[in-house]
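The values are calculated or read from the model by the stated rules, or taken from the named source; none is laboratory data. Just so you know, these numbers come straight off a predicted model, no measurement behind them. Note that we place each Cβ from the backbone using ideal geometry, even for glycine, and neighbour counts take in every protein chain shown.
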Amino acid sequence: MRDPYEVLGVPRSADETTIKKAYRKLAKQHHPDANKNDPRSKERFAEVNSAYEIVGDKDKRRQFDAGEIDADGKPRFTGFEGFGGASGMGGGFRQAGGRPTDDILHDIFGDAFASFANGTARGGRGGRRGGFSGFEGFAPGGAGSSTSGASAASAKGADVMVTARVRLEDIVGSGKVRITLPNGKSLDAKIPAGFEPGQQLRLKGQGGEGTPPGDAIAILVYEPHGLFRPDGYNLRLDLPVTLDEAVLGGKVRVPTLEGAVDMTIPAGVTGSKAFRLRGKGLPDKKGVRGDIFVTPRIVLPDGADAGLEKLMERWREVRPYDVRGPEFSS
């Protein structure tokens, strides 16, 4: 993968807030659900999430910045400590003071090391000379055996990415989200406190087969709701009201995520002002609930009404008024 800072478009000095903001913007921009006609959106979306997996995690970011892991989160080979690194396995290591490591090991182990290094140690395989060239002949399972089979058998399973839709009712109710994995398996997971769309949920051992198995990384997004629109931890609701309710006011039933409640609307309401239902929104990380902002939307009765039409004609003559400013007339 490319440099995760480059993928997210942030400098290495960026703080957590800047990185998080950049990630959410890109995740929303490249989400496959919003780019169904772009076959590459899934690839870009996965790259953005993989980049955030590195720089969005304090420990992994520190390791990446220090060169301990690469852009895929895999450990980098840094040589053997105390020997100052190596320029190549076949040319012998060199200590910081300049003395070849081959000489040091010869002093310690004597001729046994010389025989091993030249590929003639008992059980070893000949071939490479002139330096320490690896641990041939000492693989598990007997002299001369290969570790490639064991490595393949113990390869870690691949991580998989899925999108999970979080129902607004479950955020304030069960607190769980149903996640369906690529293999068809479904499970319930706890919704993170203060959930915001784009958050990742790592499910250990639920990814590709291997030893150990990979993980499943669920990208959490809102399940679209028929009534409510999330706005941070607040919710927005358009409330249909009749003409007489708008003119005369009164009590109306207003839905919430936990059932309907009564709300009094004053006489003469318009759609220009929203009314607040406190504490009926979504919980933040501390459990404090946001509010529901209710905007009245006047709905006229279906079909023609001669009486209403006559009233409005008279109203237009006696009480004309303009609800549109000059910007609408240009």
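Annotations for the structure displayed:
- Residue match in segment 8-21 (condition: at pLDDT 90 or above, on the phi > 0 side of the Ramachandran plot and not in a helix (DSSP H, G or I)): yes
- Residues of segment 61-75 satisfying the condition of being part of a loop (DSSP other than H, G, I, E, B) and touching a strand residue (DSSP E or B) at 6+ places or on another chain (Cβ under 8 Å): 68
- All conditions but one from (1) aliphatic (A, V, I, L, M); (2) outside any strand (DSSP E or B); (3) more than 15 Å from residue 295 (Cα to Cα) apply to residue 189; the one that does not is (2).
- Residue list for segment 244-268, filter: loosely packed, with under 15 Cβ neighbours inside 10 Å and touching a residue at least 40 places away in the same chain (Cβ under 8 Å): 258
- For segment 254-272, a tally of residues being more than 21 Å from residue 308 (Cα to Cα), assigned to a loop (DSSP other than H, G, I, E, B) and touching a strand residue (DSSP E or B) at 6+ places or on another chain (Cβ under 8 Å) returns 4.
- Residues satisfying the stated conditions in segment 29-55, i.e. assigned to a loop (DSSP other than H, G, I, E, B) and either out of contact with any helix residue (DSSP H, G or I) (no Cβ under 6 Å at 6 or more places or on another chain) or crowded, with 19+ Cβ neighbours inside 10 Å (or both): 31, 36, 37, 38, 39, 40
- Condition check for residue 279: over 27 Å from residue 176 (Cβ atoms), part of a loop (DSSP other than H, G, I, E, B), within 31 Å of the chain's Cα centre (by Cα) and not basic (Lys, Arg): no
- Here residue 251 fits the description: over 20 Å from residue 229 (Cβ atoms) and not in a loop (DSSP other than H, G, I, E, B).
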